[in-house]
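The values are calculated or read from the model by the stated rules, or taken from the named source; none is laboratory data. It should be emphasised that the depicted structure is a prediction, and the values quoted were computed from it without experimental measurement. Quick reminder, even Gly has a Cβ in these numbers, built from the backbone with ideal geometry, and neighbours come from all protein chains shown. The area values use the complete protein model at the heavy-atom level, side chains included, leaving out ligands, DNA and RNA. Shrake-Rupley method; radii C 1.70, N 1.55, O 1.52, S 1.80 Å.
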Amino acid sequence: MRALVVVESVFGNTRRIADEVARGLADGLGETGQVRVADVSEAGQPVDRVDLLVVGGPTHAFAMTRMSTRRSAAEQSGAQPAEIGLREWLATTAKAQAGARAAAFDTRMDRPRLPGSAAAGAARRLRRLGYDLVARPETFRVIGTQGPLRDGELDRARAWGFDVARAATSASTV
């Protein structure tokens, strides 16, 4: 099974989660699995040669990032804002091939606990594109706007990736 993890990360925390999710996927898929992690700006199209698509990004203003929220985050970090985020990438993603599976995750601040989720929005878009979701959207917590990740989140991300791989190979959907 070929898996692709597409990630958008502003401060690096979501990328760290994506890398651990990929490790869990690789463990769950075993020797016959192929797992690749790609930054959303480099993921490109098509994804028709992928059996399992996992997408992840930060939650900004209760949802997936927009150019305005990426610009604001870039000002905080002193970096250049990314032109494309998960929202834009999903808007240009082609319909899924029959039997393609997917899952979504996000990162959010631990305190205060605010509503909204980039993962939930991404999961809805994946479902509309025809993907079979094999896991409920998952949130990983950061402490403060720029992080760091809450203790234990990297281990939890790897375990979640393993569970996603197992669900994908058993063809169970949520």
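Worth a mention:
- Residue in region 28-43 that is out of contact with any Phe, Trp or Tyr (no Cβ under 9 Å at 6 or more places or on another chain), in a loop (DSSP other than H, G, I, E, B), buried (at least 21 other Cβ atoms within 10 Å of the Cβ) and among the β-branched types (V, I, T) present: no
- Failed item in (1) over 25 Å from A26 (Cβ atoms); (2) at pLDDT below 95; (3) open to solvent by less than 20 Å² (accessible area, probe 1.4 Å), with T93 passing the rest: (1)
- Which numbered condition G116 misses (of (1) part of a loop (DSSP other than H, G, I, E, B); (2) closer than 17 Å to T145 by Cβ; (3) touching a Lys or Arg at 6+ places or on another chain (Cβ under 7 Å)): (3)
- Count of region 131-170 residues, restricted to those that are among the hydrophobic types (A, V, I, L, M, F, W, C), assigned to a loop (DSSP other than H, G, I, E, B) and touching a residue at least 40 places away in the same chain (Cβ under 8 Å), is 1.
- Counted residues, region 131-174 - those being open to solvent by less than 40 Å² (accessible area, probe 1.4 Å), more than 21 Å from G30 (Cβ to Cβ), at pLDDT 95 or above and small (G, A, S): 0
- Residue ID - least open to solvent (accessible area, probe 1.4 Å), chosen from residues in region 44-65 that are part of a loop (DSSP other than H, G, I, E, B), within 16 Å of T145 (Cβ to Cβ) and not aromatic (F, W, Y): T65
- Inside region 7-51, residues that are among the small types (G, A, S), at pLDDT 95 or above and out of contact with any strand residue (DSSP E or B) (no Cβ under 8 Å at 6 or more places or on another chain) make up a count of 3.
- Here the condition is being in contact with a Phe, Trp or Tyr (Cβ under 7 Å, 6 or more places away or on another chain), surrounded by 14 or more Cβ atoms within 10 Å (Cβ to Cβ) and among the charged types (D, E, K, R); of R101, R127, it holds for R101 alone.
- Contact annotation: residue pairs with Cβ atoms under 6 Å, 6 or more positions apart or on different chains, pairing a residue in region 68-90 that is in a helix (DSSP H, G or I) and crowded, with 17+ Cβ neighbours inside 10 Å with a partner that is of a type in the set (D, E) and at pLDDT 80 or above, are L86/E8.
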